[in-house]
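Undergrad: Before anything else, here's the structure in question.
The values are calculated or read from the model by the stated rules, or taken from the named source; none is laboratory data. Source: prediction; values computed, not measured. With ideal geometry, Cβ positions are generated from the backbone for all residues, glycine too; neighbour counts draw on all protein chains shown.
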Amino acid sequence: MKNVKVQVGVIYVILSAVLFGTMPLLARTAYAHGSNAYTVAFGRFFFGSIVLGIVVLALPGCRLKVSRNEFLSLLKLSVPYALMPILLYVSYTYIDSGMATTLHFTYPVAVMLIMAVFCRIRPDARQIICTVLCVGGMTLLYTPDGQISMQGILLAVGSGLVYAVYIVLLGKSAARKFHSLVLAFWVSLLSAAEIGLIALLSGNLVFHLDTAGWAAEVGLALSATVFALVLFQKGVFLCGEVKASLFSTFEPLTGIVIGAVVFHEALSMKEIIGMAGILAAAVLLVLPSGKEC
């Protein structure tokens, strides 16, 4: 029974990663129609929380109200989740997006280190091999295009680190007692408030978007927040923090496939080998084992 739950969790995480992988396409559309990185991040969570709130209120026996202690727990979860896109998007101004994405997706290593140091849960040999395959695959997917900035590197690595903190906090918190939609609603709403405040204070919150720009924002909220966030949270609870972080590497694979199919971007042999490495890690992780995640 436990194996079945783990496999279901893996499916949830992969589906969430595929949906998260559509973000560059929708974000690129929003940028072209008047938006910017801060507004995209804010709109994704804000519109997503509205949709989630409506759905929760329509469900019988489901409520949005939480206690003071529950609110503080949800607030703690939202802080690293809101910081992650800000750090990643700002890193794009110092280094190219390929390097930033590669550095960000080293967060499975950060998850393992946090689990080992603070939770005393050491990764097994299979997880270590899969991590090496994932990191190696991500490195091969990176194509140098631009200058190297230490500030940009630190921001990109920082985005991965805070996301790893979020994953560990999510897995170890009492948030699993919430309905998945209620959890996603509060994390999205609080993240929107935090990102909106930072963007407003820095003068980066813009609202001069045309119809196509707003449509892209709403589409991003539906795919990356309403569906992907809910699926990822359920996946973490079912298969564990380490496996969830490793299977999240399907996100950049989706982005590359979209680039090839939609934008007719050619795939190099190096990128194909990198994708094969990530897929090999995924296959190795789901093979039957005597140990559980």
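Undergrad: Can you tell me how many residues within segment 96-141 are β-branched (Val, Ile, Thr), more than 22 Å from ILE256 (Cα to Cα) and either assigned to a loop (DSSP other than H, G, I, E, B) or modelled with pLDDT under 80 (or both)?
TA: Final tally of qualifying residues: 1.
Undergrad: Would you say ILE11 is over 24 Å from TRP186 (Cβ atoms) and surrounded by fewer than 21 Cβ atoms within 10 Å (Cβ to Cβ)?
TA: yes
Undergrad: Out of the residues in segment 72-89 that are crowded, with 19+ Cβ neighbours inside 10 Å, under 16 Å from the mean Cα position of the chain (by Cα) and hydrophobic (A, V, I, L, M, F, W, C), state the one that is farthest from SER159 (Cα to Cα).
TA: For segment 72-89, the residue satisfying everything is LEU77.
Undergrad: When GLU217 is evaluated against the numbered criteria (1) out of contact with any helix residue (DSSP H, G or I) (no Cβ under 6 Å at 6 or more places or on another chain); (2) of a type in the set (D, E, K, R); (3) modelled with pLDDT of 90 or more, which criterion, by number, is the only one it fails?
TA: Just one mismatch for GLU217, condition (1).
Undergrad: Right, something else. Yes or no: segment 204-221 includes at least one residue that is within 18 Å of the chain's Cα centre (by Cα) and of a type in the set (Ser, Thr, Tyr).
TA: Within segment 204-221 (the criterion being within 18 Å of the chain's Cα centre (by Cα) and of a type in the set (Ser, Thr, Tyr)), the answer is no, since none of the residues qualifies.
Undergrad: Does segment 154-202 hold any residues that are within 18 Å of VAL40 (Cα to Cα), among the polar types (S, T, N, Q) and either touching a Ser or Thr at 6+ places or on another chain (Cβ under 8 Å) or modelled with pLDDT of 90 or more (or both), and which are they?
TA: Hits for segment 154-202 are SER159, SER188, SER191.
Undergrad: Can you find even one residue in segment 265-286 that is at pLDDT 90 or above, in a helix (DSSP H, G or I) and among the aliphatic types (A, V, I, L, M)?
TA: Filtering segment 265-286 down to residues at pLDDT 90 or above leaves none.
No: segment 265-286 contains no residue that is at pLDDT 90 or above, in a helix (DSSP H, G or I) and among the aliphatic types (A, V, I, L, M).
Undergrad: When you scan segment 255-266, do you find a residue that is touching a helix residue (DSSP H, G or I) at 6+ places or on another chain (Cβ under 6 Å) and farther than 26 Å from SER49 by Cβ, even just one?
TA: Yes, some residue in segment 255-266 is touching a helix residue (DSSP H, G or I) at 6+ places or on another chain (Cβ under 6 Å) and farther than 26 Å from SER49 by Cβ.
Undergrad: For THR93, work out the one condition from (1) at pLDDT below 90; (2) part of a helix (DSSP H, G or I); (3) β-branched (Val, Ile, Thr) it doesn't fulfil.
TA: (2)
For (1) touching a residue at least 24 places away in the same chain (Cβ under 8 Å); (2) closer than 26 Å to GLU70 by Cα; (3) surrounded by fewer than 20 Cβ atoms within 10 Å (Cβ to Cβ), each residue gets a yes or a no:
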| position | (1), (2), (3) |
| --- | --- |
| ILE153 | yes, no, yes |
| GLY158 | yes, no, yes |
| SER173 | yes, yes, yes |
| LEU190 | yes, yes, no |
| THR225 | yes, yes, no |
| LEU231 | yes, yes, no |
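Undergrad: I'd like to know if segment 38-57 contains one or more residues that are surrounded by fewer than 18 Cβ atoms within 10 Å (Cβ to Cβ) and modelled with pLDDT under 90.
TA: Checking segment 38-57: not a single residue is surrounded by fewer than 18 Cβ atoms within 10 Å (Cβ to Cβ) and modelled with pLDDT under 90.
Undergrad: Can you name the condition, by its number, that LEU200 falls short on among (1) in contact (Cβ under 8 Å) with a residue 24 or more places away in the chain; (2) farther than 30 Å from ASN3 by Cβ?
TA: In the conditions (1) in contact (Cβ under 8 Å) with a residue 24 or more places away in the chain; (2) farther than 30 Å from ASN3 by Cβ, LEU200 misses (1) alone.
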